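**Q** Got a structure for you, questions after.
Every number in this text was worked out from the coordinates using simple rules, so none of it is lab data. Source: prediction; values computed, not measured. Every residue, glycine among them, receives a Cβ derived from its backbone with ideal geometry; neighbour counts consider all protein chains shown.
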Amino acid sequence: MTRLQGAERALFPPNAEVTPVPSMFFSHVLPEVEEAAELRIVLHVFYALRRKRVFPRFVARSELLADEVLLRGLRAGAGYAAELDQGLALALGHGLLVAVEKGAGEARDLLYFINDEDGRRTANRILAGELATPIAAVREPAATESEPLVALYEQNIGPVTPLIAEGLAEAELKYPPAWLPRAMKLAVTANVRRWSYVQAILERWHNEGMDVDEETGRDPERERLWERYVRGRDSGG
């Protein structure tokens, strides 16, 4: 009798959160990466950015130096910083990441972004002084935030067409994980159950930032003003 080989139990639960990575990474980038440290660091940057709950989203070198998850995959002890810097330098050289230098002396830090249009745009806005750069902790999302977005959309907004499914997938790559459920909740509260309304909220948060309360994760005043604005725009007023 044949038996299932491998572990006796599933490692990943049914609703485990997914960290999106562009398919091009596997087809074009992965075959060219030779150093394990570079691969671990770049994948960890994807992981860390996905869990950032504030805008702008970046990962600072100081955060990576203190990251216990990454530390387990790199050389521990005195060699950790050197291996981290080597991996980051390789990732910059291969065009996987872009970086912005902030501060000077002991306050100097490097802020890293994925080298895509969104990452480059955010980095350039920081360089231009348009965006503040607080170092925010990487947080695990709440249990409700890991609910599949398609199911969440169908329950709160309406049927998911192929076009909306594509939009949800793109938004999941572009925005922090807490934003989409929160934007859908605002759409329900405003009784404007349309994907265009959800998109407008996400774009506004992306372009202007979203100041959230650390305990509740909400900014009621901004939400109220934005709801009023979008209602007036949609009604032609």
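**Q** Can you figure out the FRET efficiency of Glu101 with Met24, using R₀ = 22 Å and their beta-carbon distance, to the nearest 0.05?
**A** 0.20
**Q** Run the reach check for Lys174 against lysines, Cα to Cα strictly under 18 Å, same-chain hits fewer than 8 apart removed. What comes back?
**A** Straight-line reach from Lys174, under 18 Å: Lys52.
**Q** Let me ask something additional. Treat every Asp and Glu Cβ in the range 23-127 as -1 and every Lys and Arg Cβ as +1, leave all other atoms uncharged, and give the resulting dipole magnitude about the Cα centre to the nearest 20 debye.
**A** Computed charge dipole of the range 23-127: roughly 500 debye.
**Q** May I ask you to order 82-91, 190-199 by the average number of other C-beta atoms within 10 Å around their residues, highest value first?
**A** 82-91, 190-199
**Q** Now for a different question. Which peptide among 121-128, 157-164 comes first, and what is the full order, when sorted by highest mean count of other Cβ atoms within 10 Å?
**A** 121-128, 157-164
**Q** Could you rank the peptides 177-186, 5-14 by their average count of other C-beta atoms within 10 Å per residue, with the highest value first?
**A** Answer by packing, highest mean first, reads 177-186, 5-14.
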